[in-house]
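Below is one structure, written out as structure tokens, with a few remarks after it.
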Amino acid sequence: MFIWLLVVTLAVSALVCFIATRFFDKPIGSILTRLVSEELSFAWHRYIVVVY
């Protein structure tokens, strides 16, 4: 029972992270573009949002 609780908790947290990443994809990109140069913001955005 304890193992299932861990598995379900991991699955729910992964799903929430995936949804949050997709929801905030464009705002993160625009904020990074304002803070750093264009080339650097592209790399940072890719590093933050990469979903395997």
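Numerical summary
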{"read-out": "Some residue of segment 32-40 being open to solvent by 100 Å² or more (accessible area, probe 1.4 Å), at pLDDT below 95 and within 11 Å of the chain's Cα centre (by Cα)", "value": "no"}
{"read-out": "Pairs where the first residue, in segment 15-32, is closer than 13 Å to I48 by Cβ and the second is open to solvent by 90 Å² or more (accessible area, probe 1.4 Å), C-beta under 7 Å, 6+ apart", "value": "I28/I48; L32/W44"}
{"read-out": "Tally of residues being in a helix (DSSP H, G or I) and surrounded by 12 or more Cβ atoms within 10 Å (Cβ to Cβ) across segment 1-29", "value": "4"}
{"read-out": "Verdict on T33 being assigned to a helix (DSSP H, G or I) and in contact with a helix residue (DSSP H, G or I) (Cβ under 9 Å, 6 or more places away or on another chain)", "value": "yes"}
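The values are calculated or read from the model by the stated rules, or taken from the named source; none is laboratory data. Worth saying up front: this structure is predicted, and the values here are computed from it rather than measured. FYI the Cβ positions are ideal-geometry reconstructions off the backbone, even for glycines, and counts take in every protein chain you see. Ligands, DNA and RNA are stripped out before the accessible areas are found, and what is left, the full protein with its side chains, is counted by its heavy atoms. Shrake-Rupley method; radii C 1.70, N 1.55, O 1.52, S 1.80 Å.
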